[in-house]
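Enquirer: Okay, here's the structure, questions in a sec.
The values are calculated or read from the model by the stated rules, or taken from the named source; none is laboratory data. Since this is a predicted model, take the numbers as computed values, not measurements. For neighbour counting, all protein chains shown are included, and Cβ atoms are generated from backbone atoms with ideal geometry for every residue, glycine included. These area figures cover heavy atoms from the full protein model, side chains too; ligands, DNA and RNA do not enter into them. Shrake-Rupley method; radii C 1.70, N 1.55, O 1.52, S 1.80 Å.
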Amino acid sequence: MNSKVSMVARILLGLFVLTFGLNKFFGFIPFGEMPEAATNYFVGVGPTHLLDIVGVIEILAGLAFILNKYGALMALILMSVSVNAVLFHATLAPEGIIGALILIVLNIVVLMGYKDRYKEILRA
């Protein structure tokens with residue numbers, strides 16, 4: 001993959017997840033009305049501090065991508081967050097799926113940019 005495309009995707013993904021990670025702690029992006037099922041989900045996971053953990057992962061991944069340090073590792077870890085965001089929106093809050101799709105597409109592009117780093121772990 002073109003290194004310029006990979007770099008742009010990496011920085012965009014870094015800014016994207018850093019913004020949403022910080023939002024989990026500071027709440028500067030307001031959320032609109034959510035379907036009842038999505039609200040119930042957040043009520044259920046709220047006491048577990050799961051979203052705090054996701055926020056920390058997003059902040060660390062965002063900084064890793066922007067600073068170009070440990071990006072290959074963070075792209076793998078962030079993929080679980082990306083898949084869960086798509087599944088959450090696909091099943092509980094479909095009106096917000098665009099952001100989750102952007103997240104997973106950027107994550108895949110960044111993973112492809114680091115494909116040389118994964119050759120050893122993918123060897124059969």
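Enquirer: For Asn68, which of the numbered conditions (1) in contact (Cβ under 8 Å) with a residue 40 or more places away in the chain; (2) over 22 Å from Lys115 (Cβ atoms); (3) open to solvent by 70 Å² or more (accessible area, probe 1.4 Å) fails to hold?
Expert: In the conditions (1) in contact (Cβ under 8 Å) with a residue 40 or more places away in the chain; (2) over 22 Å from Lys115 (Cβ atoms); (3) open to solvent by 70 Å² or more (accessible area, probe 1.4 Å), Asn68 misses (2) alone.
Enquirer: In region 19-42, what count of residues is obtained for those that are in contact (Cβ under 8 Å) with a residue 24 or more places away in the chain and in contact with a Phe, Trp or Tyr (Cβ under 8 Å, 6 or more places away or on another chain)?
Expert: 4
Enquirer: Answer yes or no: is there a residue in region 81-92 that is of a type in the set (Phe, Trp, Tyr) and loosely packed, with under 13 Cβ neighbours inside 10 Å.
Expert: No, every residue in region 81-92 fails to be of a type in the set (Phe, Trp, Tyr) and loosely packed, with under 13 Cβ neighbours inside 10 Å.
Enquirer: Just a yes or no: is a residue in region 38-55 surrounded by 15 or more Cβ atoms within 10 Å (Cβ to Cβ), in contact with a helix residue (DSSP H, G or I) (Cβ under 7 Å, 6 or more places away or on another chain) and either in a helix (DSSP H, G or I) or not hydrophobic (A, V, I, L, M, F, W, C) (or both)?
Expert: Taking every residue of region 38-55 in turn, at least one turns out to be surrounded by 15 or more Cβ atoms within 10 Å (Cβ to Cβ), in contact with a helix residue (DSSP H, G or I) (Cβ under 7 Å, 6 or more places away or on another chain) and either in a helix (DSSP H, G or I) or not hydrophobic (A, V, I, L, M, F, W, C) (or both).
Enquirer: Return yes or no: is Asp116 open to solvent by 70 Å² or more (accessible area, probe 1.4 Å) and assigned to a helix (DSSP H, G or I)?
Expert: Here the answer is yes, as Asp116 does meet what is asked.
Enquirer: Take the residues in region 95-111 that are open to solvent by 70 Å² or more (accessible area, probe 1.4 Å) and modelled with pLDDT of 95 or more; name whichever of them is farthest from Glu58 (Cα to Cα). Give the derivation first.
Expert: Going residue by residue through region 95-111, those that are open to solvent by 70 Å² or more (accessible area, probe 1.4 Å) are 95, 98, 101-102, 105, 108.
Restricting the remaining residues to those that are modelled with pLDDT of 95 or more gives 98, 101-102, 105, 108.
Working: Ile98: 18, Leu101: 16, Ile102: 15, Val105: 16, Ile108: 16 Å.
Filtering first and then ranking leaves Ile98.
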